[in-house]
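Scroll down for the structure; my scribbles are underneath it.
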Amino acid sequence: MKVYEGNEIRNVGLTGHGNSGKTSLAAGILFLAGATNRPTRVDEGNTVTDFDDDEIQRKITISTALAFVEWNKHKINLLDTPGFNIFINDTKASLAAADSSLVLVDGVAGVEVQTEKVWSFASDFNLPRALIINKLDRENASFERALASIQENFGRAAVPVQLPVGAEREFRGVIDLIRMKCYGYESSGNGKGKEEAIPPSLAEAAQKAQEALIEMVAEGNDALMEEFFDKGTLPPDRLLAGLRSAVMERRLFPVLCASGLNGIGTDLILDFIVEHFPAPVERGPFTGQADGQEAQRKVSDSEPLSAFVFKTVADPFAGRLSYFKVCSGVLKNDANLTNVRTGAVERLSHIGCLFGKTIQPVTELRAGDIGAVAKLKETLTGDTLAEKGALISYPPVKLAEPSIAFAIEAKTRQDEDRMGAALQKILEEDQSLRFYRDPQTKEFLVAGSGQQHVEVVVSRLKNRYGVDVTLKAPKVPYRETIRGRADVQGRHKKQTGGHGQFGDCWIKMEPLPRGTGFEFVNDIFGGSIPRNYIPAVEKGIVETAALGYLAGCPVVDFRVTVYDGSYHDVDSSELSFKLAARKAFKAAMQEAKPVLLEPIMSVEVQAPVEYAGDLMGDINSRRGRIAGMDTRGNTQIVRAQVPMAEMLNYQNDLISMTQGRASFSMEFDHYDFVPQMQAEKIIAAAKAAKEGVEEEEE
Ligand SMILES: Nc1nc2c(ncn2[C@@H]2O[C@H](COP(=O)(O)OP(=O)(O)O)[C@@H](O)[C@H]2O)c(=O)[nH]1
Ligand SMILES: [Mg+2]
């Protein structure tokens, strides 16, 4: 395939809240530009960019996919990103390869929770961007209302460069305010408009909107302002140039309109990308580290070669596939590059351009282009590959920590054996997942951004690796502590024939602040316990504390001071002092007012304002405490602290409470006392479980 120069390339991230129509728009673009020979649809499961089995089955984008088209002699690399909160981490990670972003907004819903999220990601990467008010063919869609919600959230800098002709089912055309031309479309056509006269009923509105646009463009450009006042208008090429630099400087964010699914406005979107979005070579240099110092590479063919790996896909058959952006230099097929993190040399054989799940081979890629290569040995997402003698590494993208964990259990012994290795591969692909064993409950946990995120892992384990597992809510890691003090003796004495066992210690126990753990103090003077037995006393306490006293949960945040005791020349041993300490610990717990502790999560919920009352009532019923409230546009943000035990099914409850219009994140905050009523239940359940086990063992 053809090699494109850096100035002929556009790397565009399609972003927006889930369901705003990104994948459908990408499908429309591919068809219009001739990259697919027939229309494809999300609802038919045949789009190029939603190719994964789980995506087809769920009809949503889970992971960013790429495809490219040629339009007006330019290569446009499209990154079709996820828009649902639980998969949004992948959007952030892949925007590292974009040079601009089209932010899609649903014409009915306006700006939604994840619209704001992806907007902030794009800001993090300093991406020039434009907004598309999409799905304008839908019932109740309104360009004006959606525009108001956009400007409320992102300010007046979001300025229309198009107006729709007709609304809802009658939406059939687009007025281009830059050239003052109108285009009509066939519904479900190929996305190419036919020029027609601006309908007289819209002439005045279009005139006003163009003046507003010119004013916004001229505001930052004195020469344009003067010309505008002189002539009362601006020729299209002057307006275009002014707008282009305003977009590049992120001073203006043009607003377009479309129905991606029906191909209305698609050609104008492609024209806009080519005319207004920057080529990679026009953007600032990449900044990284070389030899422990800050270093930069211009996006230019003449710089030393460097490439940043922004995504990894683990294919059970084809192996590891690495997606990269050529940050500087020219990458030739079969190049040997150094992985700057590990120092390993990697050979990049069969490099190519991504088109959904396929890679189209290419002989070389110029600075700024995006490509993929299979079978790198040790290269992972976030790594930089660079040419020997000119090493540089770019910072990996930081992702949000997981908010929810589930226990997973292999169905059979065979599944258990293969689970770890398969999970490792899935984790390579998605760096926002975690897999670990809970040291307290001994369960294997998979943590991610939400229940569906973890469910996708389960389905991939089965579909890709044939590993069968079941998901369970994790056991809440309760702990125990004390609220009072104790001063007790622990004495262990056993006489059996030969020499017996004898250990005796006096300990004091007292509570420590939350999070301190355990402290041991040796306060023995005069050798009432020989020094070499003191570690055995400590060990006895630590081991017994780990087993719990009330409900089998580790005891934390307390201090034990051993201050007296006695011993026997022949019968004392480490074991007997350990057993004495165990008795002392149990006696002390009995006296020191033991209590249960539970993890308290800090939770943030975002939902349309009309759900505010329901959300807060629900959080109260979960023993939660509201910590703060905020509104942003039409979005209500509620921050609260809620016991983890009450949050295990929150995701599902929240979906049904808000028809899926809310999202939340949650992380561990601190431990606090479990109220009496709940504590009694937990202790009773632990007793019952223990008796069950003992019966089994008998
Ligand atoms: N009426 C209408 N529906 C659309 C349009 N674009 C997408 N859809 C539908 O909205 C749903 C989500 O579309 P999709 O492209 O997957 O959205 P994404 O989550 O942003 O990628 C699908 O059922 C599409 O058929 C549009 O322009 N008009
Ligand atoms: Mg999608």
Query raised in the report: Based on the mean of other beta carbon atoms within 10 Å per residue, what is the order of 105-112, 679-686, 91-98, 48-55, most packed first?
Result: 91-98, 105-112, 48-55, 679-686
**Report entry** Net charge, residue 295 excluded, C-beta distance under 15 Å - Lys, Arg +1, Asp, Glu -1
**Finding:** -2
Query raised in the report: Among the chymotrypsin sites (Phe, Trp or Tyr not before Pro) within segment 305-344, which fall in a DSSP loop and have no more than 16 other Cβ atoms within 10 Å of their own Cβ?
Result: 317
Query raised in the report: What is the sum of charges around residue 234, taking Lys and Arg as +1, Asp and Glu as -1, for the other residues whose C-beta is under 12 Å from the C-beta of residue 234?
Result: -3
Query raised in the report: How large is the charge dipole for segment 1-119, taken about the Cα centre, if only the Cβ atoms of Lys, Arg (+1) and Asp, Glu (-1) carry charge, to the nearest 20 debye?
Result: 280 debye
Report task. Work out, step by step, the length gained on full extension between residue 56 and residue 670: first 0.36 nm times the residue separation, then minus their alpha carbon distance; give nm to one decimal. Result -> 217.0 nm
Query raised in the report: How far apart, in nm, are two points set 7 Å out from the Cα along the Cα-to-Cβ line at residue 120 and at residue 623?
Result: 3.0 nm
Query raised in the report: Where in segment 542-585 does the amide nitrogen come within less than 18 Å of the point 7 Å from the Cα of residue 525, taken along Cα to Cβ?
Result: 561-566
Report task. Summarise the accessible area of segment 7-85 (1.4 Å probe, protein heavy atoms) by the percent that is carbon and sulfur. Result -> 43 percent
Query raised in the report: Got a sec? Charge dipole of the chain, +1 on Cβ for Lys and Arg, -1 for Asp and Glu; which of 683, 360, 402 is way out at the positive end?
Result: 683
Report summary line: Put 566, 20 in order of accessible area, largest first, probe 1.4 Å, and you get 566, 20
Report summary line: Tilt, helix 676-697 to longest principal axis of the chain (alpha-carbon atoms), in degrees rounded to tens, equals 70 degrees
Report task. Measure off 7 Å from each Cα along the Cα-to-Cβ vector at residue 409 and residue 274, then give the distance between these two points in nanometres to one decimal. Result -> 6.0 nm
**Report entry** Accessible area of segment 374-436 belonging to carbon and sulfur atoms, whole % at 1.4 Å probe
**Finding:** 52 percent
**Report entry** Solvent-accessible area per residue, Å², over segment 583-636 with all protein chains present [probe radius 1.4 Å]
**Finding:** 44 Å²
Query - Dipole magnitude (debye, nearest 20) for the chain, charges at Cβ of Lys, Arg, Asp, Glu - result: 900 debye
Query raised in the report: Based on Cβ point charges of +1 for Lys and Arg and -1 for Asp and Glu, what charge dipole magnitude is obtained for segment 268-416 about its Cα centre, in debye rounded to the nearest 20?
Result: 280 debye
Query raised in the report: Counting DSSP beta bridges with both partners in segment 70-160, what percentage is antiparallel, nearest 5?
Result: 35 percent
Query - Full-extension gain in nm, residue 211 to residue 237, via 0.36 nm per residue minus C-alpha separation - result: 7.8 nm
Query raised in the report: In the chain, what percentage of the DSSP-assigned beta bridges are antiparallel, given to the nearest 5?
Result: 80 percent
Requested in this report: Would you mind calculating the gained length between residue 357 and residue 378 on full extension (0.36 nm times residue separation, minus the Cα-Cα distance), in nm to one decimal?
Outcome: 5.4 nm
Requested in this report: Determine the per residue accessible area of segment 302-457 with all protein chains present and a 1.4 angstrom probe, expressed in square angstrom.
Outcome: 42 Å²
Query raised in the report: Rounded to the nearest whole Å², what accessible area per residue is found for segment 111-254 with the 1.4 Å probe?
Result: 48 Å²
**Report entry** Inter-label distance, nm, simple model (7 Å from Cα along the C-beta direction), residue 690/residue 463
**Finding:** 4.5 nm
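The values are calculated or read from the model by the stated rules, or taken from the named source; none is laboratory data. Just so it is clear, the structure is predicted and the values come from calculations on it, not from any experiment. Methodologically, a virtual Cβ is constructed for each residue, glycine included, from the backbone with ideal geometry; neighbour enumeration extends over all protein chains shown. Surface areas here come from the heavy atoms of the whole protein model, side chains and all, with no ligands, DNA or RNA. Shrake-Rupley method; radii C 1.70, N 1.55, O 1.52, S 1.80 Å.
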